[in-house]
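Before any comments, here is the structure.
The values are calculated or read from the model by the stated rules, or taken from the named source; none is laboratory data. Keep in mind that this is a model prediction, so the values were computed, not measured. Quick reminder, even Gly has a Cβ in these numbers, built from the backbone with ideal geometry, and neighbours come from all protein chains shown. For the accessible areas, the whole protein counts, side chains as well, though only heavy atoms, and no ligand, DNA or RNA atoms are used. Shrake-Rupley method; radii C 1.70, N 1.55, O 1.52, S 1.80 Å.
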Amino acid sequence: MRTILSYLPSKAVSPSLAFLSAHYATPSGSERPEGVSAIANLAQNNPSALKWPIVVDWHSGQAAIGDVEGVKGILETLRKRRDGELKEDEVHQPKGSTCIQEISVNI
């Protein structure tokens, strides 16, 4: 989750603001989890508490959480790279896996 946060366009986002939804079952106020471990535990027990979709392009270091336009941007970057419109050196390339992965929580 920390890596995904580092891939978001705005680096000054707290984990709870980035990952937690406005669903009625999501804790609020002082009960709202702030750390990534607490948010992961909440997601295991209540997947509705998270914003969806969570899409990560590990190859380019891009992520979108609960933002359809952000997902479209990631897909557009992938299309441009595939079609040769974007050179590999024009995209930030962190070390690690080269796949896109949707994070899923088992219910």
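Overview of values
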item	result
Residue in the range 1-12 that is of a type in the set (Lys, Arg), in contact (Cβ under 8 Å) with a residue 12 or more places away in the chain and surrounded by 14 or more Cβ atoms within 10 Å (Cβ to Cβ) present	no
Filter result (touching a Pro at 6+ places or on another chain (Cβ under 7 Å), more than 20 Å from GLY61 (Cβ to Cβ) and of a type in the set (A, V, I, L, M, F, W, C)) within the range 1-46	ILE39, LEU42
Flag for ALA25 being open to solvent by 30 Å² or more (accessible area, probe 1.4 Å), of a type in the set (A, V, I, L, M, F, W, C), farther than 20 Å from ILE74 by Cβ and not in a helix (DSSP H, G or I)	yes
Selected residue (criterion: most open to solvent (accessible area, probe 1.4 Å)) from residues of the range 47-63 that are polar (S, T, N, Q) and over 10 Å from the mean Cα position of the chain (by Cα)	SER48
Pairs where the first residue, in the range 30-53, is of a type in the set (Val, Ile, Thr) and the second is loosely packed, with under 15 Cβ neighbours inside 10 Å and in a helix (DSSP H, G or I), C-beta under 9 Å, 6+ apart	VAL36/ARG2
Top-ranked residue of the range 33-46 - restricted to ones that are outside any helix (DSSP H, G or I) and open to solvent by less than 60 Å² (accessible area, probe 1.4 Å), ranked as nearest to MET1 (Cα to Cα)	GLY35
